[in-house]
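Data first, discussion second: the structure below is written as structure tokens.
The values are calculated or read from the model by the stated rules, or taken from the named source; none is laboratory data. It should be emphasised that the depicted structure is a prediction, and the values quoted were computed from it without experimental measurement. Cβ: placed from backbone, ideal geometry, glycine included. Neighbour counts: every protein chain shown. These area figures cover heavy atoms from the full protein model, side chains too; ligands, DNA and RNA do not enter into them. Shrake-Rupley method; radii C 1.70, N 1.55, O 1.52, S 1.80 Å.
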Amino acid sequence: MSQAEEVILRGLPISKGIGIGSPVFFFNADDEIPEISIAKKEVEKEVQRYRRALFLSRQDVEGLQKMSLNEGPPEIVAILGTHLEMLQDPLITTVIEDKIRQLQRNTESIVHHLIEEYKLKFSTLQDHYFQERVRDLIDVSRRILGHLRPLDKVKWVDIPHHSVILAHELVPSETIEASSTQVSAFVTSAGGITSHAAIIARAKGIPYVANVDIKLLKRIEMQSMIVDGSQGLVIMNPQRSTLKKYQEIKKGHLEKFRLISHSSHLRGETVDGFEVRLFANLENPKEVDSLVKNGAEGVGLFRSEYLFLSKKMFPSEEEQFQIYRRMAKNLKGRPLVIRIFDIGGDKKIDVLPDSPDAWYFQTIGTEANPALGCRAIRFLLRYPNLLHSQLRAILRASVFGEVQILVPMVSDISELRIVREKTREIREELEKEGIETAPISIGCMIEVPSSAIICDALVQESDFVSIGTNDLVQYVLAADRSNPAVSDLYFATHPSILRLIHMIVTSANRFCKPVIVCGESAADPMMVPVLLGLGIREFSVSARHIPLVKHTIRKWRILEACRLAEQALEYTVAHDLRQFLSAATDAIV
């Protein structure tokens, strides 16, 4: 029998790695749900059936959350926390029960129609936050429907090992429940780089490519597939030579991973002994204890807004103080950089309508373009009592360790000056109350073009600067990386980005101010040596990426990195620069 023709499709790379396996089309049984009338005397029985499905769904999520707390990354725990809250939301509980009684129809049809109604309602909104909320709602509804219609529920245990999952779109729990030993890769029609499913796939190390026509794949006779999550390639019916090539690449990745996992205890230094400091980004305060195991020298970025993103109330000064104090003490003298609340953009607060904090968030709840609106320091300066309580909590915690303040989304030097002045006033206020404080550094986050352009002035007002590459790339290139239509324009290796970083480092060096780089670029093995060559000596990445960054740094000599950066700065075309860096770094790493 002749071998089927090799077919190659290109999609959006979501999660790196190589997946090889057999295709499995993944569909949920929530597309065609019949409407069945219920006799009045059976209505309460139907309500009880729905309550049982809710109870079982909560048990599912609580079980997944417990498992993730022990062995999963904090991102998964946070997403599951959101799902638990949704399962207790009146929209999911009382509203559906009322509709069962009013309409006297089967629960499945009512749940299905309600979700379709919300999908239609939010389909015209481009805001990333609302799109993710709808996906979470779909996810929760599918779980409920799975318990209402157990025979139609897709079971992961029935999926063969070494499967490539093909679906229109993945919801978070599908990626959470997937085992990396069972699933080789994901391929979907829809999906973005910053979606919850994407975050989970990367955390699990499962290759993922989106923006692929699944309907087209159904028309192709396939026996096997290769998914290249780094290049965004989907190869159907690979030839023997193609299969052998990718098997070798995958084998190399596994060997490299084993080598990297044993290097976390080593120093972060180049081959010629040039020392580099590696810090961890943090969202969950409970993860502090695990940072040292990954080789972190402290917390380079604590995203403090995550203290209440999944809650309905704003944390009090005392609540914040207790958390910051505990973190500082657990770090035992290692730095703790607290980024003051970065609210707005894709981080909206879902507070109770009657909450005393609700009025704070009306501003950011109705913005047409939240990414360019009232977010981060702009929001805090509009509501100074929020900033005041957070600065008081941080200053009170400063005596328990090396605590630092980081100001996000600075676009004008006046914003930084106001924070510094408020910090001074609050310190005096605390001293009058007899509360001891310690000297504290205040840093400026450079993540918008205006702050990069006036970096020579900002570094003089700051004790240190932190380059937030994710937002900087997005704002400089005017390309939303979560938007598939322009995601191919989102280049962290764009010449403009490298030149801005060089400019920032040059200004900081002139005034002897430290520069730390955060964001995905700081964990990219292709970018790390360039950043070293540009003068970056401090990196802050997710804790799980520290061994990889450390391994990359330990493969380079500082002079080689400097020469690489000099050559990179001469490029003017993003694609050409990326090809050059890919070839140069592959040769070393």
Report summary line: Rounded to the nearest whole number, the per residue volume of the convex hull around the C-alpha atoms of the range 423-480 in Å³ is 102
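I'd like the projected area of the range 499-589, averaged over all directions, using the convex hull of its alpha carbons. Report it in nm² with one decimal.
Details: hull surface 22.9 nm².
Projected over every direction and averaged, the Cα hull of the range 499-589 covers 5.7 nm².
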Query raised in the report: In the range 552-570, which residues have a backbone nitrogen under 15 Å from the label point lying 7 Å from L266's Cα in the Cα-to-Cβ direction?
Result: 552-558
Query raised in the report: Based on the Cβ-Cβ distance of A371 and A190, what FRET efficiency does E = 1/(1 + (r/R0)^6) give at R0 = 25 Å, to the nearest 0.05?
Result: 0.75
Report summary line: Probe 1.4 Å, heavy atoms of protein chains only: per residue, the accessible area of the chain in Å² is 45
Report task. In nm, give the distance between the simple-model label positions of K40 and E436, each being 7 Å from the Cα along the Cα-to-Cβ direction. Result -> 7.4
**Report entry** DSSP beta bridges in the chain [antiparallel fraction, %, rounded to 5]
**Finding:** 30
Report summary line: Calculating P(r) over Cα pairs in 10 Å bins from 0, in percent from this structure picks out, from (i) 3, 13, 17, 18, 17, 12, 8, 6, 3, 1, 0; (ii) 3, 13, 21, 25, 22, 13, 3, 0, 0; (iii) 3, 15, 25, 26, 18, 9, 3, 0, 0, entry (iii)
Query raised in the report: Which entries of K256/K293; K99/K204; K66/K550; K250/K550 show an alpha-carbon separation above 28 angstrom in the structure shown?
Result: K99/K204; K66/K550
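Suppose the chain between H575 and T94 were pulled fully straight at 0.36 nm per residue; how much longer would it get relative to their current alpha carbon spacing?
Computed gain between H575 and T94 is 167.8 nm.
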Report summary line: Expected sort for 378-389, 511-522, 568-579 on mean C-beta neighbours within 10 Å, highest first, is 511-522, 378-389, 568-579
Requested in this report: Averaging over all projection directions, find the projected area of the Cα convex hull of the range 168-288 and quote it in nm² with one decimal place.
Outcome: 10.5
Requested in this report: Using amide H atoms built 1.01 Å from N in the peptide plane, name the residues 5+ places from V541, or on other chains, whose amide H lies under 5 Å from its own.
Outcome: F279, A280, N281
Query raised in the report: Cα extents of the range 186-227 along the three principal axes, largest first, in whole Å?
Result: 31, 18, 9
Report task. Could you compute the FRET efficiency for K286 and R51, with r as their C-beta to C-beta distance and R0 at 25 Å, rounded to 0.05? Result -> 0.20
Report task. With a Förster radius of 60 Å, plug the Cβ-Cβ distance of E428 and K121 into 1/(1 + (r/R0)^6) and report the FRET value to the nearest 0.05. Result -> 0.75
Query raised in the report: Between Q460, A523, V448, whose Cα lies farthest towards the positive end of the dipole of the chain when Lys and Arg beta carbons carry +1 and Asp and Glu beta carbons carry -1, centred on the Cα centre?
Result: A523
Query raised in the report: What percent does the relative contact order of the chain come to when contacts are Cα pairs within less than 8 Å and at least six residues apart?
Result: 14
